[in-house]
Amino acid sequence: MKKMVKRLLAGVVALSLLFGGTMLMTQNQPIAYADATNNTWAGKTPKYIFLFIGDGMTYPQFTAASDYLGAVKTENKVVDTENLAFMDFPVVGNATTFDASSFCPDSASTATSISTGYKTLSGVINMDTSKTLAYETVAEKLKKQLGYKVGIVSSVPINHATPAAFYAHQPSRNKYYEIGQELVNSNFDYFGGGDLLQVTGKENDKKSLYDLATEKGYKVVNTKQDILNLTAANQKTIAISPEADGAMPYEVDRKTGELSLADFTRKGIDVLFNDKGFFMMVEGGKIDWACHANDAVASIQDTIAFDAAVQEAVKFYNKYPNDTLILVTGDHETGGMTIGFAGTQYSTYLPQLSEQSMSYEAFDAKIETYRTDKTSFENVLKDVQKEFGLVTEANKDQTIYDNMVMTPYELKQLETAYNLSMIPSKERALTDADKLLYDGYEPLSMAVTHLLNNKSGIGWTSYSHTGLPAAVFARGLGADMFSGSYDNTDLFIKLKALTRVK
Ligand SMILES: [Zn+2]
């Protein structure tokens, strides 16, 4: 028996030597996730490939957006939805999202699965579970083997987990500087959207990543005009949103005239367009951040902005339908968001959500001033009415929505949260119950958004990621490959089959 094991091991080693790294990698990959029946492709290779990833966006997020748009359109009088553009794509698939450490995976491991076909641990970028072997990504393969130009766009920092998973290989997603160095050395053609995190390293003692990028031939632009002027004549470009403070602003906070995710996608197409082909990954990264904070309005508005970016690709597809493939998916669900809440039973009041004028994050900034100014609860309630539409019994004639009048119980919930928020965060002693209610967020922001969400018929179960599968929408050349039910690693395998990269 022992001899046999030894012989088998010797065989594995020999094979490993024979096939180089590939065999070694698969040793950490004991389960085959590939759906062998649907991974061959006899057709033409798509020249232009778009991969849109809504971070934290699965069924609840895009359904909430389309239900909301439908409810607003009909003033909630009839049940009707207004599909986002990608929801009308002709091919739909379903991808499981678990990673090697959890059924509730993170963005690093799920993006690794999508871009390399391997499962790994949460937090790991394109390396195996032992964090020693690096995997080549589909974007790297397309660039090296087919000469495609590559673009990476995100509304969050471009060295954050999801964008990083197309060009970096790191044992931890938190190694932002090292990820930035890999970005600079990737030779990819276009990066757009958010800023770079830890530009001069964690200890502020390293050479600026932007200087390194310039040395490597990148043109770094960060004004609206320079970004709008970008064309195919521009070689390697990093286009940073002028409003980026790490991430781009939430769509609900974005001011008229400020660049959107759709703008960065359109400019990406302008820069990348060429005869050989291109691959562009666009991430709607703040759908996830909004859902971590259980802010349905911020999530819905960012999902709509993400769809507007998809529509830029659809315009391109309409010009080059025989050469273009568009994929739209999510990496995991965030927040345990759902449509329906215990307090509203079978009813929803989604148009009420349009009363919210700012994200939880912008409201956090207001709370900061309440704390400094020692603003009274009565005065804070005036802002709650102005910015979120929630009114007290005394002001019930000031809303068109009966359901927006707060009950004494709800008002008490707000006051409890207000009292906690008036204490500087470091001095707050949170009970277990407080932690379930507010996690690490500003208590008053959480109380206000939860109240508005719940009264509108939206529920939440978590401040983290959950285990729901992701939908995959496909349009264009090779789209049929993406129908059916499979694992997220299959997205890579299908792309590999379509483009015949090794
Ligand atoms: Zn997240």
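For K141, the shell of other residues with beta-carbons less than 12 Å away shows a net charge of +3, using +1 for Lys and Arg and -1 for Asp and Glu.
Inter-label distance, L436 to S102: 2.0 nm, where each label sits 7 Å from its Cα along the C-beta direction. Treating r as the C-beta distance of N318 and S485 and R0 as 22 Å, the FRET efficiency rounds to 0.15.
Residues whose amide H comes within less than 5 Å of that of S101, counting only those at least five positions distant or on another chain, are S122 (H built at 1.01 Å from N in the peptide plane).
Here the contact order of the range 355-459, divided by its residue count and restricted to Cα pairs under 8 Å and six or more residues apart, works out to 29 percent. Only Lys, Arg, Asp and Glu carry charge here, each on its Cβ (+1 for the first two, -1 for the last two); on that basis the range 355-459 has a dipole of about 120 debye about its Cα centre.
What the Cβ-Cβ distance of A429 and T231 gives, at R0 = 56 Å and to the nearest 0.05, is a FRET efficiency of 0.50.
Sorting 180-191, 246-257, 288-299, 69-80 by their mean Cβ neighbour count within 10 Å, with the most densely packed peptide first, gives 288-299, 180-191, 246-257, 69-80. Rounded to whole numbers, the Karplus 3J(HN,Hα) couplings from phi for the range 238-243 are 10, 10, 9, 4, x, 8 Hz, using 6.51 cos²θ - 1.76 cosθ + 1.60 with θ = phi - 60°, and x at Gly and Pro. Along the axis of the charge dipole computed for the range 355-459 (Cβ charges of +1 for Lys and Arg, -1 for Asp and Glu, origin at the Cα centre), the listed residues Y441, V380, T431 are led at the positive end by T431. Scanning residues 5 or more positions from G285 or on other chains, those with amide H under 5 Å from its amide H are D55, S155, V156, with H placed 1.01 Å from N in the peptide plane.
What's the angle, to the nearest 10 degrees (0 to 90), between helix 107-116's Cα axis and the longest principal axis of the chain? It works out to around 30 degrees.
Using the per-residue mean of other Cβ atoms lying within 10 Å as a proxy for protection, in what order, highest first, do the peptides 421-427, 53-59 fall?
On the way: 421-427: 12.7, 53-59: 27.9.
Per-residue Cβ counts within 10 Å, averaged per peptide and sorted highest first, yield 53-59, 421-427.
At a 1.4 Å probe, what is the % contribution of carbon and sulfur to the accessible area of the range 355-459?
Accessible surface attributable to carbon and sulfur in the range 355-459 totals 53 percent.
In the chain, what percentage of the DSSP-assigned beta bridges are antiparallel, given to the nearest 5?
Values: 17 of 53 bridges.
Once the DSSP bridges in the chain are tallied, antiparallel ones form about 30 percent.
Per-residue 3J(HN,Hα) values for the range 145-156, derived from phi via the Karplus relation 6.51 cos²θ - 1.76 cosθ + 1.60 with θ = phi - 60°, read 8, 10, x, 5, 7, 10, x, 10, 10, 8, 7, 9 Hz in sequence order (x marks Gly and Pro). Could you give the angle, 0 to 90 degrees to the nearest 10, between helix 408-421's Cα long axis and the longest principal axis of the Cα atoms of the chain? Helix 408-421 sits at roughly 60 degrees to that axis. When peptides 88-96, 404-412 are sorted by average Cβ neighbour count within 10 Å, with the highest value leading, the order is 88-96, 404-412. Note on K144: aspartates and glutamates with a C-alpha under 14 Å away, same-chain residues under 8 apart excluded, are E136, D189. Heavy atoms of the protein chains alone define the surface here; on that basis the chain has 42 Å² accessible area per residue at 1.4 Å probe size. Amide H contacts for I125 (H built 1.01 Å from N in the peptide plane; partners 5 or more residues away or on another chain; cut-off under 5 Å): Q170, S172, R173. Legend: distances between Cα atoms for K175/K496; K255/K496; K73/K382; K286/K319; K175/K319; pairs beyond 32 Å are K255/K496; K175/K319.
The values are calculated or read from the model by the stated rules, or taken from the named source; none is laboratory data. Everything quoted here is computed from the prediction, not taken from an experiment. Cβ atoms come from the backbone with ideal geometry, glycine included; neighbour counts cover every protein chain shown. Quick note on the areas: whole protein, heavy atoms, side chains included, nothing else; ligands and nucleic acids left out. Shrake-Rupley method; radii C 1.70, N 1.55, O 1.52, S 1.80 Å.
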